[in-house]
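Participant: Attaching a single structure in C-alpha cells format; questions to follow.
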Ligand code: G3P
C-alpha cells in the first residue's frame, strides 16, 4: 500500500486547512484508507510535516511530504530535510507546488535526491510550458495545476481541458516515462473521469474533499467513475 506507482492515483494535499491539521489530519487519513481499501483506488495523503510521522505509523496508505528543501545534512535551521521526512514515514514528496514555488536547480536537485533515496517525486507546474520543462528533469510525475483554478471549485479537467491534454501530449513526446496528473478545482467523480479521459494518470486535489460536509462521501463520489 505504501508506494505511489499504481495508477490511477489520487493525491489529497492537506495544505494547512483546519480540517486537515493534527488530529483532523489523522481522521481524514483514516477515511482515505477506508475508501482506498473499499474501492481499490490508490489514494495517497500529503499532510503537514509535523503530522507525517503519526499518520504513517497509524494508517496503511502512502504518505507524501508537501515540500522539501534543496539542502543536505548540516546547518539549515527551519528547513525541511528529505532524509528526515523519509525517516518520518514519507514515501515521496510534492515539489514546486504553486503555493511553495522553487527554483529550477532546486527542483532538479530534489528529483535526483529523492530518486537516490528510493522516494517518489511529483513536480507541480502551472502550464504546458513549465510542465514540459519539468519533464526533462525526469520526475516520476508532473502535476499540472493552473493557479487561478486552485481552490475555485472549477475543475481544470472541464474548464481548461486543452492545458491538460496539451501537457500529456507534449510530455509524452519528450519523456514517455513521466506520468501526468492534473489538479485544481477537482472534486467529483465526473471531474476525475474527465481527467483520466484527457490522458492523465490521476489527480492532485484538496478543498473539494477536505472542506466537504462529508469527506468520506465526497471521496467515494470522486472515485466512483473509474
Ligand atoms: O495540491 C492540490 C491543489 O493545489 C488543488 O487544490 O483545492 O483546487 O483541489 P484544490
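A short reminder: the numbers here are calculations on the coordinates, not readings from a lab. Small disclaimer: the values here were computed from a predicted structure and weren't measured. Ideal geometry is used to build each Cβ from the backbone, glycine not excepted, and the neighbour counts take in all protein chains shown.
Participant: How much mean residue ellipticity at 222 nm does the chain get from its helices, if each DSSP H run of length 4 or more adds -39500 (n - 2.57) and you divide by all residues, to the nearest 500 deg cm²/dmol?
Facilitator: Value at 222 nm, helices only, nearest 500: -12000 deg cm²/dmol.
Participant: Within the range 108-124, list the residues whose amide N lies under 16 Å from a label point set 7 Å along Cα→Cβ of residue 7.
Facilitator: Answer for the range 108-124: 120-124.
Participant: Fewest Cβ neighbours within 10 Å first, please rank 20, 187 accordingly.
Facilitator: Fewest to most other Cβ atoms nearby, the residues stand as 187, 20.
Participant: Specify whether the C-alpha gyration tensor of the range 9-222 places it in the rounded, prolate or oblate class, a ≥ b ≥ c being the square roots of the eigenvalues: rounded for a/c under 1.5, otherwise prolate if a/b is larger than b/c and oblate if not.
Facilitator: oblate
Participant: Another question, if that's okay. Using the 10 angstrom Cβ neighbour count as an exposure proxy, how do 104, 64 rank, fewest first?
Facilitator: The fewest-first ordering by Cβ neighbours comes to 104, 64.
Participant: Ranked by Cβ crowding within 10 angstrom, fewest neighbours first, how are 32, 84 ordered?
Facilitator: 84, 32
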